[in-house]
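*Asks:* Would you mind keeping the following structure in view while I ask a few things?
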Amino acid sequence: MVTIPTEPATTARWDDVQHALTGGGDGASCQCIWPVLSNKDWNATTTPERTEMFRSEIDQGPPPGIIAYVDGEAAGWIRIGPRTRQARVPRTRIIAAASTEPFDDPSVWAVTCFVVRREHRGSGLNRELLRAAVDYARESGARLIEGYPVDTGGEKQRTNDLFHGTLGTFLAAGFTEKTALKPGRTLVALDLSA
């Protein structure tokens, strides 16, 4: 298998982040700001405002995600970081009810978004993005990583419905199923302190 190069999303890689997000689907309009805003704040913003918020987040650091490259071109994106920096996570009732980790603990990180450009889908990029995200979290001192993936049950689903990632991708990366969030969604976790 060919190793897919990955890099943290820094100010110098802003154009690459944008290229990864704008390859089809909701990434261009979302700007991966959805996980950090409440519904009220999300509904009050425009795409240009989200773009500016996202750029500001990247400029301030630390990097809120990882970019994957294929043949030197940005092909995919994953958001990972402390749950304390992702305001939507504790405000999502099904997650708040399911997680046993304190929401004010910065050592608990969350994976909340995957985006892969249309021309690179089905090539295993999500697995590589998650592998790199786990490495990044470990190097950054995370104790535990949560994810909230979709259990496709082996059935094909709309790409825009899979931005949380798929259960199979998380299980292949060593995550364990913790709690069903609702039909078709599961809370998974990877303990990095073990």
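The values are calculated or read from the model by the stated rules, or taken from the named source; none is laboratory data. Note that the structure is predicted; figures quoted are calculated from it, not measured. Heads up, the Cβs are rebuilt from the backbone with ideal geometry, glycines too, and the neighbour counts pull from every protein chain shown.
*Asks:* Is one or more of the residues making up segment 128-139 at pLDDT below 95 and either over 16 Å from the mean Cα position of the chain (by Cα) or farther than 17 Å from residue 5 by Cα (or both)?
*Replies:* No.
*Asks:* Exactly one of these conditions fails for residue 146: (1) among the acidic types (Asp, Glu); (2) farther than 30 Å from residue 40 by Cβ; (3) under 11 Å from the mean Cα position of the chain (by Cα). Give me its number.
*Replies:* (2)
*Asks:* A further question follows. Starting from segment 168-194, take each residue that is surrounded by 16 or more Cβ atoms within 10 Å (Cβ to Cβ) and list its partners that are assigned to a strand (DSSP E or B) and basic (Lys, Arg), counting only C-beta distances under 7 angstrom and pairs at least six apart or across chains.
*Replies:* 187/178; 188/178; 189/178
*Asks:* I would also like to ask the following. Quick check on segment 99-118. Is at least one of its residues of a type in the set (S, T, N, Q) and not in a loop (DSSP other than H, G, I, E, B)? Break it down stepwise before answering.
*Replies:* As a first pass, look at segment 99-118 and keep what is of a type in the set (S, T, N, Q): 99-100, 107, 112.
Among the residues that remain, those that are also not in a loop (DSSP other than H, G, I, E, B) are: 112.
The answer is yes; a qualifying residue exists.
*Asks:* Can you pull out every residue in segment 101-123 that is within 19 Å of residue 170 (Cα to Cα) and either among the β-branched types (Val, Ile, Thr) or free of Cβ contacts under 8 Å to residues at least 24 places away in the same chain (or both)?
*Replies:* 108, 111, 112, 115, 116, 122
*Asks:* Pick out the one residue from 96, 75, 28, 68 that is surrounded by fewer than 17 Cβ atoms within 10 Å (Cβ to Cβ) and under 22 Å from residue 126 (Cα atoms).
*Replies:* None of the other options fit; the residue is 28.
*Asks:* Here's a check for you: in segment 20-74, which residue that is charged (D, E, K, R) and assigned to a loop (DSSP other than H, G, I, E, B) is farthest from the chain's Cα centre (by Cα)? Step through it out loud before you land on a result.
*Replies:* From segment 20-74, those charged (D, E, K, R) are 26, 40-41, 49-50, 52, 55, 57, 59, 71, 73; that's our starting set.
Checking the rest, the ones that are also assigned to a loop (DSSP other than H, G, I, E, B) come to 26, 71.
On the way: 26: 14, 71: 22 Å.
Of everything passing the filter in segment 20-74, 71 is farthest from the chain's Cα centre (by Cα).
*Asks:* How many of the residues in segment 42-61 are touching a Lys or Arg at 6+ places or on another chain (Cβ under 9 Å) and modelled with pLDDT under 95?
*Replies:* At the first step, the residues of segment 42-61 found to be touching a Lys or Arg at 6+ places or on another chain (Cβ under 9 Å) are 42, 57-58.
From what is left, the residues that are modelled with pLDDT under 95 are 42.
Residues in segment 42-61 being touching a Lys or Arg at 6+ places or on another chain (Cβ under 9 Å) and modelled with pLDDT under 95: 1 in total.
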